[in-house]
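A.B. asks: Got a structure here, written out as structure tokens. Questions coming.
The values are calculated or read from the model by the stated rules, or taken from the named source; none is laboratory data. Being a predicted model, the structure only gives us computed values, none of them experimental. Cβ sites come from the backbone with ideal geometry, for glycine too, and all protein chains shown count toward neighbours. Areas reflect the complete protein model, heavy atoms only, side chains present, ligands, DNA and RNA absent. Shrake-Rupley method; radii C 1.70, N 1.55, O 1.52, S 1.80 Å.
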Amino acid sequence: MPLHIKASSQANKQGKPIFDPVGTNLYIENYLNKLGWNLLPIPTQYEFFGKGIDLAKAGLILENQFSNYPFLLNNTARVEFFFQKGTQLGGQSIKLMIIITKSQIFPSSNSSLYYEQAVRQLSALNEIKLFKIPIRVVGLFEQINTTASAIWTEYEKKTARKIVTQNQCQYQIKSGKKNNRYTFDLI
């Protein structure tokens, strides 16, 4: 999977490349749709939990978690609710929750969740056995000090999902840390 990036609109990062959650979500969704994974609507009596779950198949729930870190606990708690109630989603009982998130090696918007942070949060909550549902966290990583392909996307507006252009580019993540982050260079 190529890295999806876009220009930041945040004041301290204006125009710099950052992780693109919309492009990444779309790529994962399109890829997994071909393998039978689909959006799973939340039953109407529970619509206060949101519209749907990102992807599901055979009792497996998948949430792409690239937004603000508080949504990790929101999404996990709602799936835990359905799990404990024995709610059938898409005609299936829930067996496992998979959370996909990015590593901190990628530059991103402020307050967005990182894999390392998700693991620490869920591990801490596991100490008090808060969740009964099995949870697996999958991190998106890249090799350090190698050149890789990315897709730079420009959207109609800064928070829009409508794509204006997409261009292939090359990038490198370097191992030297700067301000407790890896350095990210377009080539």
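A.B. asks: Counting other C-beta atoms within 10 Å, and keeping those with at most 10, which DSSP coil trypsin sites (Lys or Arg not before Pro) do you find in region 108-187?
C.D. replies: Lys129, Lys132, Lys157, Lys158, Lys162
A.B. asks: Same structure, new question: For Cα pairs less than 8 Å apart in space and 6+ apart in sequence, what is the mean separation divided by the residue count of the chain, i.e. the relative contact order in percent?
C.D. replies: Numbers: 327 pairs, mean separation 35.9, N = 187.
After rounding, I find 19 percent.
A.B. asks: For region 91-140, what are the per-bin percents of Cα-Cα distances with bins 10 Å wide, up to the bin holding the maximum?
C.D. replies: Reading the bins upward from 0: 23, 45, 25, 6.
A.B. asks: Set Lys and Arg Cβ to +1 and Asp and Glu Cβ to -1, take the dipole of the chain about its Cα centre, and tell me which of Leu62, Ala124, Gly139 lies farthest positive.
C.D. replies: Among Leu62, Ala124, Gly139, the one farthest towards the positive end of the dipole of the chain is Ala124.
A.B. asks: Output ³J(HN,Hα) for region 101-113: one whole-Hz value per residue in order, computed from phi by the Karplus curve 6.51 cos²θ - 1.76 cosθ + 1.60 with θ = phi - 60°, and x for Gly and Pro.
C.D. replies: For region 101-113, the Karplus curve yields 8, 8, 6, 6, 5, 8, x, 8, 4, 4, 6, 7, 6 Hz.
A.B. asks: Given the DSSP H assignment, sum -39500 (n - 2.57) over each helix run of at least 4 residues in the chain and divide by its residue total; what's the result at 222 nm in deg cm²/dmol, nearest 500?
C.D. replies: About -7000 deg cm²/dmol.
A.B. asks: Give the Rg/Rh ratio for the chain, taking Rg as the radius of gyration of the Cα atoms and Rh as the Kirkwood radius, to two decimals.
C.D. replies: Numbers: Rg = 17.5 Å, Rh = 17.7 Å.
Computed over Cα atoms, the ratio is 0.99.
A.B. asks: Please give the Cα centre distance for region 24-53 versus region 102-178, rounded to the nearest Å.
C.D. replies: Cα centres, region 24-53 to region 102-178: 19 Å.
A.B. asks: Now, a different point. Can you give me the % of accessible surface on region 18-135 that is carbon or sulfur? Probe 1.4 Å, all protein chains present, nothing else counted. Please list the in-between numbers first.
C.D. replies: On the way: 3290 of 5880 Å².
The C+S portion of the solvent-accessible surface of region 18-135 is 56 percent.
A.B. asks: Have a look at the DSSP beta bridges in region 1-123 and tell me what percent are antiparallel, nearest 5. Show your work: numbers first, answer last.
C.D. replies: Values: 11 of 16 bridges.
Counting DSSP beta bridges with both partners in region 1-123, the antiparallel share is about 70 percent.
A.B. asks: Right, another one. Longest span of the chain, sites excluded, free of GluC sites (Glu not before Pro) in DSSP loop with at most 13 other C-beta atoms within 10 Å?
C.D. replies: Working: sites that count: Glu127, Glu156.
The segment 1-126 is the longest one with no such site.
A.B. asks: While we're here: May I ask you to list, by number, the DSSP H helices of the chain whose Cα span along the axis is at least 20 Å and whose average Kyte-Doolittle hydropathy reaches -1.0 or more?
C.D. replies: Those that clear 20 Å and a mean of -1.0 are 70-85.
A.B. asks: Next question, about the same structure. Within region 23-79, list the trypsin sites (Lys or Arg not before Pro) lying in a DSSP loop whose Cβ has at most 14 other Cβ atoms in a 10 Å radius.
C.D. replies: Qualifying residues, ordered by number: Lys34, Lys51.
A.B. asks: Before I look further, what does the chain give for accessible area per residue, probe 1.4 Å, in whole square angstrom? Could the numbers behind the result be given before it?
C.D. replies: Numbers: 10600 Å² over 187 residues.
That works out to 57 Å² for each residue.
A.B. asks: Enumerate the whole-percent occupancy of each 10 Å bin, from 0 to the last occupied one, for all C-alpha pair distances of region 1-61.
C.D. replies: 20, 33, 28, 18, 2
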